[in-house]
Amino acid sequence: MFAHAAQQPPAAPADADLAAAAAEISTLRTEIARHNGLYHGDDAPEITDSEFDALVRRHEALERSFPALARADAPTTTVGAPPKAGFRKVAHARPMLSLENAFSEEEVREFAARCRSALGLPPTAPLSFAAEPKIDGLSLDLRYENGQLVHALTRGDGAVGEDVTANVRTITDIPQNLPHPFPQILEVRGEVYMTKDGLASLNIDRAAQGRDPYPNCRNAAAGAVRQKDPAKTAARPLRFYAYATGELSEPIGDTQMRQLATFARLGFVTNPHSTACPQVDDLLAAYQRIHTLRPDLPYDIDGVVYKVDEVALQAQLGNVSRTPRWAIAHKFPAERVVTRLEAIDIQVGRTGAQTPVARLTPVFVGGVTVSNATLHNEDEITRKDLRVGDLVIVERAGDVIPAVIGVADSDEDRSVRAPYSFPRQCPECGSDTVRGEDEAVRRCIGGLSCSKQRVTRLIHMISRPALDINGFGSEAIAEFVEARLISEPADIFRLHTRRGDLLSRKGWGEASVDKLLSSIEEKRRSPLNRALYCLGIHQVGQTASRDIARQYTSHSAVRALIDRLLGERRAALDAAGGTLDQKSLDRLHETLAKQIGIAGIGPEIVRSLLNFFDDSDNARMADELAAEMIIEDVVYVTASSPITGMTIVFTGSLETMTRDEAEAEAQKLGAKTSGSVSAKTSILVYGPGAGSKLAKAESLRVRTMTEAEWRLFIAPPGVS
């Protein structure tokens, strides 16, 4: 996030304040990371842009007030989300960064002042900007070599994107060949979008097929680009606006506006409302003009992007973390309407989270008809005193999923409507729901015996961070569960016995079935950390799974640990007559966490882990899955390696291994790994997108290697 003007350091906080801030920051980081994945990775946001921005801004405020809690790997420093399984992953030649957001005239003026200050210009010195509408679509990077389109990548996580070239070739706004003259290498970045009329037509067709409509233009465009069949992409009314460059073999213009003119000459469509703005007042005038035009534009926009116009000055300003210093997005305020709250439904997530959703009398807002909205959790319903039948205010910000802001003023007598009582049983399976003392979310305790959790956990199981089974998507999981081909995790590895049933299904031919079964078979042998993470246990994320695997090294040892801790917890409960008060239970889990002996594995993770395996259905299904797999032990071989005793740092986007896998491999060979570069660093291994760590290593004269050089360096003698 863009660094703000320097502030006086806060006074040393009291321990209680620091503890409260640490707890809030931890919760914020979890929520921000989750919503980032939903928006960028799944195209299925649950909250509005303004609500997400509020989370980020609160996180930044806490980090400024409590610098000791700041972390370099916080989700506010990341861009987008990891690329989805099913598409080839390709590293960007230059990272695709995100933008800082501004919400007021004051923040825009502060942005301009920071730019002048960083460039060494006096406050009154002229500095020209460019302003252009912020299209609400899917960011795309197009690479041309010798005038030919060679690949098209989504943003992904900013360093690595999804290769969607075959689908993008069907978009008529994107030229396949460039007219002379052109640079030898040209990367054009822009936004794939769908018009409002295009979305309406598409949703009419989907309704005729009995399918759910797309909620907005962005989701429809993103879904179209990520189709497995390019013919399906070609059938969607997709458009493309070019607005930026990536890697270039030579300049194509010395200003943003001249680059846009070059794009137009090369056959790209650029936004006609882009304009040069010599002064900050011109930026604000452009914002007001575009905001006024917004309802009549044929496409969705959620703000205006400002950029320093001169390319040389952009380079001089550079980047901060995930954002450029020379650009900012001035977001539009949310749109609000009043409608009737007809019902409150409960949706069940992967970990049993019970999320309330408002069912509304359909109302037109922000260019679409809205019939449902998020309510977040039961505390929000209570705080706003929402009752079924109320007239409510609905806000739609950023053209994403709307939210209910509160009850609208009216002359109605609300006393005739009873306050809403959050259900204590899961609507999917009837199991009891529980809510942790420090949690806002109520969860179903049914685990994998809950039909909804079963589907979502199976989807989690095959996802990229878990078992990473290529070609096995959420639609196939839902289809196979409905057809009773699978019902629990182990069934995925038993699908080879149902090959005939698979072949009898519409859309599944021999090639696709055999490809799927082959992908499943490849992941039958998986590392211990992935086997643990794929279970989808609440609080047991990738980091906790990795740390437990490294500490206990084998599946049998982890299972024995869980059984031992479960035995101790049951004995303590029996000694207390079957129940413990919350404080005593917290102390018990803290004691058990100390026995595990892993930094970062605290009482909350222990409680979730034991609660999962204390359920007999969960334990049985986990054990049956393990019986179907070959779960690889973590083996440390530290004898006589070229890197024994060294400290290794990995940075950038590694192409042949994940960061965790690289660190585990280095540790097996007797090295230590670190997340930061210092004079004690022995080697820095870097991939595409390496930034400040590489620069610091070079300034400290630390040895640096590419990933390929690293592979050769650690290879056993005679292996190349």
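The values are calculated or read from the model by the stated rules, or taken from the named source; none is laboratory data. Remember, it's a predicted structure, so these values are computed and weren't measured experimentally. Cβ sites come from the backbone with ideal geometry, for glycine too, and all protein chains shown count toward neighbours.
Here ASN611 meets each of (1) closer than 17 Å to ALA560 by Cα; (2) surrounded by fewer than 18 Cβ atoms within 10 Å (Cβ to Cβ) with one exception, condition (2).
Residue-by-condition table, conditions (1) basic (Lys, Arg); (2) assigned to a helix (DSSP H, G or I); (3) farther than 28 Å from THR543 by Cα; (4) not assigned by TED's automatic domain parsing to the domain that holds THR374:
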site: ARG387; (1), (2), (3), (4): yes, no, yes, no
site: LYS452; (1), (2), (3), (4): yes, yes, no, yes
site: VAL455; (1), (2), (3), (4): no, yes, no, yes
site: VAL481; (1), (2), (3), (4): no, yes, yes, yes
site: LEU485; (1), (2), (3), (4): no, no, yes, yes
site: ARG498; (1), (2), (3), (4): yes, yes, yes, yes
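Report yes if THR233 is within 30 Å of PRO183 (Cα to Cα) and modelled with pLDDT under 90, otherwise no.
Numbers: within 30 Å of PRO183 (Cα to Cα): yes; modelled with pLDDT under 90: yes.
So THR233 passes the test.
Checked against (1) in contact (Cβ under 8 Å) with a residue 40 or more places away in the chain; (2) under 25 Å from ARG607 (Cα atoms), SER526 passes all but condition (2). Of all residues in the stretch 669-697, those being at pLDDT 75 or above, crowded, with 17+ Cβ neighbours inside 10 Å and not in a strand (DSSP E or B) number 12. You will find that of TYR214, TYR287, the residue that is of a type in the set (Phe, Trp, Tyr) and under 17 Å from TYR306 (Cα atoms) is TYR287 and no other.
Figure legend. Inter-residue proximity from the stretch 579-601: first residues in contact (Cβ under 8 Å) with a residue 12 or more places away in the chain and under 14 Å from ARG569 (Cβ atoms), second residues assigned to a loop (DSSP other than H, G, I, E, B) and among the acidic types (Asp, Glu), beta-carbon distance below 9 Å, spacing 6+ or different chains. Indicated pairs: ASP586/GLU437. Only one of the listed residues (ARG387, ARG350) is surrounded by fewer than 19 Cβ atoms within 10 Å (Cβ to Cβ) and farther than 30 Å from MET194 by Cβ. That residue is ARG387. Applying a threshold of 6 Å to beta carbon distances and a minimum spacing of six or more residues, or different chains, the list of pairs starting in the stretch 295-318 at a residue that is under 10 Å from ALA130 (Cβ atoms) and at pLDDT 90 or above and ending at one that is of a type in the set (D, E, K, R) and surrounded by fewer than 19 Cβ atoms within 10 Å (Cβ to Cβ) is empty.
Among the conditions (1) more than 31 Å from the chain's Cα centre (by Cα); (2) farther than 23 Å from GLN453 by Cβ; (3) not charged (D, E, K, R), ILE630 misses just one, which is (1).
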